[in-house]
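Engineer: Take a look at the following structure, please.
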Amino acid sequence: MKTRVTELLGIECPIIQGGMAWVAEHHLAAAVSEAGGLGLIGGANAPGEVVREEIRKARELTKKPFGVNVMLMSPHADDVAKVVVEEGIKVVTTGAGNPGKYMEMWKAAGIKVIPVVASVALARMMEKGGADAVIAEGMESGGHIGEATTMTLVPQVADAVSIPVIAAGGIGDGRGIAAAFMLGAEAVQMGTRFVVAKESIVHPGYKERIIKAKDIDSTVTGRTHGHPVRCLRNQMTRDYIKMEQEGKSFEELEYLTLGTLRKAVMEGDTVNGTVMAGQIAGMIKKEQTCKEMIDEMMAEAVQLLHR
Ligand SMILES: Cc1cc2nc3c(=O)[nH]c(=O)nc-3n(C[C@H](O)[C@H](O)[C@H](O)COP(=O)(O)O)c2cc1C
C-alpha cells in the first residue's frame, strides 16, 4: 500500500505508532519499525540525554527508520530538538504547540516534520510553516486531546491542506484504517492498540485494564482548565472530576496527577494512576506482537479497500 506518506518516510505500511509518554520507548519503536510501520520514541518530558540513549538503543534493534515525538511544552524541548539533529533522526512528530522555532534547524538536517493538529486552522498554519505532513488527531484518542472527532476532523483537514494527512484517534483495526483512507488520510497513527503489544514494556496490569475495557470506559479529565486528557475511568479520574466540579485550581489538579502516568505504566497502579487510553480500548482484546498486529490490520484494510 504505497501512499505519499510511505514514500516520504521510507516505510512499507502506512501505520505510525504514536510517540506516547513513558510507553513509546526503544523496544516498542524498534518493533513497530521492524514490522514495516514507523515506530516513534516519545520524548515527553525526558531530558535530551535520555532521548539520545533511547535513540541509540533503538538503533541496536533495527536498521529501519524510526522517529521521535518532541513534546514542545517540555522544559527540555530545546535540548531534545538538538539531540534529534545530532543523532541523525529523519522523522519528527510534534505535540502540544507550534514547532516553528525549530523548523529551520530540522529542515537543514533533512528531517521530515509532522506536527499533530486538532483543528483545520492549526493544520493550515503548519503547512505554511513548512511541515511535510500533519497528523489530524480526533478526541477519541488516548492522552491529550482536542474537541473534534476523527470522523469530522480528517476530511476537513484533508480538504484544507495539500500536504499528506495522517489520521489518529479511534483507529484499532483494518476497518479503521480503511475508513481513515476513505476520509482522505494517507496513513494512520495508532496509540492505544500498541500499548498492549508484546514488545511494549507497559506493566501487565495496565495492559489488562485496556484489554478488559468496554466501549464507554474512557473519560476526559481537565476540560475545565483547557487541558483535556482521555484515560480509563478509575479512582483517580473520579477524584479529579470531583475536584474540577468543586472549582479547584489548575495547580491543585496538576498536583493530583503528578507522576501518575508513570505510576500506571511502570508500577501497574490502575486505581490511582493515570491509565491513558482511547475510546478504541473497548475493541482491543489481546496482546500480540507488533508484527502480528500490523500484518493482520494491513490484510484487513487492503481487502476492504479493494471491495
Ligand atoms: C498512553 C498514551 C500516551 C500518549 N502520549 C503522547 C505524547 O507524549 N505525545 C503525543 O504527541 N501523543 C501522545 N499520545 C497520543 C498518541 O500518540 C496517538 O496520537 C493516539 O493514541 C491515537 O489515538 P488512539 O489512542 O485512539 O490510537 C499518547 C497516547 C497514549 C494512549
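The values are calculated or read from the model by the stated rules, or taken from the named source; none is laboratory data. Fair warning: this is a prediction, and the values are worked out from it, not measured in the lab. Quick reminder, even Gly has a Cβ in these numbers, built from the backbone with ideal geometry, and neighbours come from all protein chains shown.
Engineer: List, please: which pairs have Cβ atoms under 7 Å, are six or more places apart or on different chains, and start with a residue in the range 171-194 that is over 16 Å from GLY39 (Cβ atoms) and end with one that is of a type outside the set (D, E, K, R) and part of a loop (DSSP other than H, G, I, E, B)?
Structural biologist: Hits for this filter: GLY172/ILE284; GLY176/GLY170; ILE177/ILE171; ALA180/ILE171; GLU186/THR3; GLU186/PRO14; GLU186/PRO164.
Engineer: If you don't mind, there's one more thing I want to ask. If you go through the range 158-194 one residue at a time, how many are touching a strand residue (DSSP E or B) at 6+ places or on another chain (Cβ under 8 Å) and either within 14 Å of the ligand (Cβ to nearest atom) or at pLDDT below 95 (or both)?
Structural biologist: 17
Engineer: Just one of GLY67, GLY88 is at positive phi and modelled with pLDDT of 95 or more; which is it?
Structural biologist: GLY88
Engineer: Then there is this: Can you run down the residue pairs with Cβ atoms below 8 Å, 6 or more apart or on separate chains, where the first is in the range 214-225 and under 25 Å from SER249 (Cβ atoms) and the partner is surrounded by fewer than 15 Cβ atoms within 10 Å (Cβ to Cβ) and of a type in the set (Phe, Trp, Tyr)?
Structural biologist: From the range 214-225, the pairs are HIS225/PHE250.
Engineer: Please state which one of LEU61, LEU8 is over 25 Å from MET276 (Cβ atoms) and either β-branched (Val, Ile, Thr) or away from the ligand (no atom under 16 Å from the Cβ) (or both).
Structural biologist: Testing whether each residue is over 25 Å from MET276 (Cβ atoms) and either β-branched (Val, Ile, Thr) or away from the ligand (no atom under 16 Å from the Cβ) (or both) leaves just LEU8.
Engineer: Of the residues in the range 272-297, how many are within 16 Å of the ligand (Cβ to nearest atom) and part of a helix (DSSP H, G or I)?
Structural biologist: Selection size over the range 272-297: 10.
Engineer: Okay, moving on. Can you confirm whether GLY268 is among the small types (Gly, Ala, Ser) and either surrounded by fewer than 16 Cβ atoms within 10 Å (Cβ to Cβ) or at pLDDT below 95 (or both)?
Structural biologist: Considered against the rule, which asks whether it is among the small types (Gly, Ala, Ser) and either surrounded by fewer than 16 Cβ atoms within 10 Å (Cβ to Cβ) or at pLDDT below 95 (or both), GLY268 comes out as no.
Engineer: Hand me the list of helices (runs of 4 or more DSSP H) wholly inside the range 1-100 holding 3 or more residues that are of a type in the set (A, V, I, L, M, F, W, C) and either in contact with a helix residue (DSSP H, G or I) (Cβ under 9 Å, 6 or more places away or on another chain) or crowded, with 22+ Cβ neighbours inside 10 Å (or both).
Structural biologist: Answer list for the range 1-100: 26-34, 48-61, 77-86.
Engineer: Let me ask something additional. Looking only at the range 101-131, count every residue that is in contact (Cβ under 8 Å) with a residue 24 or more places away in the chain and in a strand (DSSP E or B) and tell me the total.
Structural biologist: 4
Engineer: Considering each residue of the range 15-31, count those that are more than 12 Å from the ligand (Cβ to nearest atom) and over 18 Å from LYS63 (Cα atoms), and give that number.
Structural biologist: Number of matching residues: 0.
Engineer: Among the residues of the range 140-157, write down those that are of a type in the set (A, V, I, L, M), more than 11 Å from the ligand (Cβ to nearest atom) and either surrounded by fewer than 24 Cβ atoms within 10 Å (Cβ to Cβ) or over 23 Å from GLY129 (Cα atoms) (or both).
Structural biologist: Hits for the range 140-157 are ALA148, MET151.
Engineer: Consider LEU38 against the criteria (1) under 19 Å from VAL188 (Cα atoms); (2) out of contact with any Pro (no Cβ under 8 Å at 6 or more places or on another chain); (3) not hydroxyl-bearing (Ser, Thr, Tyr): it satisfies all of them except one. Which criterion is unmet?
Structural biologist: Condition (2) is where LEU38 drops out.
Engineer: While we're here: With respect to GLY222, determine if the residue is among the small types (Gly, Ala, Ser) and more than 20 Å from the chain's Cα centre (by Cα).
Structural biologist: Answer is no for this residue.
Engineer: Just one of (1) within 12 Å of the ligand (Cβ to nearest atom); (2) aromatic (Phe, Trp, Tyr); (3) without any contact (Cβ under 8 Å) to a residue 60 or more places away in the chain trips up TYR255, so point out which.
Structural biologist: Going through (1) within 12 Å of the ligand (Cβ to nearest atom); (2) aromatic (Phe, Trp, Tyr); (3) without any contact (Cβ under 8 Å) to a residue 60 or more places away in the chain one by one, TYR255 breaks only (1).
Engineer: Condition check: more than 17 Å from the chain's Cα centre (by Cα), closer than 20 Å to LEU28 by Cβ and more than 16 Å from the ligand (Cβ to nearest atom). Does ALA109 satisfy that?
Structural biologist: no
Engineer: Which residues, taken from the range 184-200, are under 24 Å from LEU61 (Cα atoms) and over 16 Å from the mean Cα position of the chain (by Cα)?
Structural biologist: LYS198, GLU199
Engineer: Would you check if there is a residue in the range 231-247 being within 20 Å of the chain's Cα centre (by Cα) and crowded, with 20+ Cβ neighbours inside 10 Å?
Structural biologist: Yes; the residues of the range 231-247 include at least one that is within 20 Å of the chain's Cα centre (by Cα) and crowded, with 20+ Cβ neighbours inside 10 Å.
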